[in-house]
Amino acid sequence: MKYDLLIKGGMLVDPAEDLSGVRDVAFVGGMVAAVGGDLDAGDAREVIDAAGCVVTPGLIDIHVHVFAGVSHFGIEPDPTCLARGATTVVDAGSAGADIFPGFRKYVIDVSETRILAQMNISSQGMLTAEIGEFEIPEYADVDKACRMIEQHRDIVLGVKVRLTRNSIVSERSGMLPLHRAREAADAAGLPIMVHPQDAWCDSIDDILDVMKGGDILTHCFHDFPCGILNGEGRIRDSVLDAIERGVVFDVGHGAGSFSWGIVEAAMSQDVLPTTISSIRRVGDRYVAN
């Protein structure tokens, strides 16, 4: 047989190749071998009729929490990611340095879904919703984070920090976790990913002032303090400046971190912050574009 698998008659959507139309896709050894308008079904060992379906390269989700059974936000990766078309996902800080080895051994290395990760600057990670990542400042441990990043360079994309006051960050920890995340990321040569809403600061200006090109501000359309709009409903100058210097704004929808009102206000100003479009491999590690 010429092909191992042939997917026939589906609506192929492939942004990388600028393709959108009914096409057949053939595979050999797990790799795409041919794309055409009417490939011969007799040449394939297995044929899937995809008429009426969308056929697309594996989706990439850059903000998931898949440390099921340990992190309070954790879900099973294969039934909820791979089964729904997300073949590569990035866990956004479920695990910190104290529990990352377990995350890799029991989740990352045994899942069919390709899982990359942001290292939580909190050494305990996202263990419980009752006691936040930064109840005590000492959880923001730069040395631990850097050591663990070096041990897992092949899958760690950056350093994650969540800043919500009280529920995640105690008053005595304040904005320290953000600066510790910056310190660890700079030492490791990686970006930071920041969950900004309702931080211990006056506005998102104070957060963006710490962020550089390639860093990610997630949950960018939340309707809480430290949002992207000013008191007049306009996009803040600090946000426009951050976009200009290459800070990436990620939707990071989540269970309660998204407001259509904020999106519509941003869209009306023709300056809608963008999300990550892809992840590419450079040498022995992955880099977010």
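The values are calculated or read from the model by the stated rules, or taken from the named source; none is laboratory data. These numbers were taken from a predicted model, which means no experiment stands behind them. Every residue, glycine among them, receives a Cβ derived from its backbone with ideal geometry; neighbour counts consider all protein chains shown. Each accessible area value is taken on the protein alone, full model and side chains, heavy atoms only, with ligands, DNA and RNA left out. Shrake-Rupley method; radii C 1.70, N 1.55, O 1.52, S 1.80 Å.
A few remarks follow.
- Test: residue in the range 157-178 that is touching a His at 6+ places or on another chain (Cβ under 6 Å) and closer than 18 Å to V70 by Cα: yes
- Among the residues making up the range 113-147, those that are in a loop (DSSP other than H, G, I, E, B) and under 18 Å from A92 (Cα atoms) are T113, I121, S123, Q124, G125, M126, L127, T128, A129, G132, E133, D141.
- Residues that are over 15 Å from P57 (Cβ atoms) and outside any strand (DSSP E or B) were ranked within the range 6-42; the one that is most open to solvent (accessible area, probe 1.4 Å) is D38.
Yes/no matrix, rows are residues, columns are (1) at pLDDT below 95; (2) out of contact with any Gly (no Cβ under 8 Å at 6 or more places or on another chain); (3) closer than 23 Å to T164 by Cα:
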site: L208; (1), (2), (3): no, yes, yes
site: I216; (1), (2), (3): no, no, yes
site: D223; (1), (2), (3): yes, no, yes
site: G246; (1), (2), (3): yes, no, no
site: A255; (1), (2), (3): yes, yes, yes
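- Complete set of residues in the range 78-104 that are open to solvent by 20 Å² or more (accessible area, probe 1.4 Å) and of a type in the set (A, V, I, L, M, F, W, C): L82, A83, I99
- Looking across the range 160-176, the residues that are open to solvent by less than 60 Å² (accessible area, probe 1.4 Å) and in contact with a Lys or Arg (Cβ under 8 Å, 6 or more places away or on another chain) come down to V161, I168, V169.
- When the range 64-77 is filtered for residues that are surrounded by 15 or more Cβ atoms within 10 Å (Cβ to Cβ), out of contact with any His (no Cβ under 8 Å at 6 or more places or on another chain) and in contact (Cβ under 8 Å) with a residue 12 or more places away in the chain, the ones remaining, listed by number, are V64, H65, V66, F67, A68, V70, P77.
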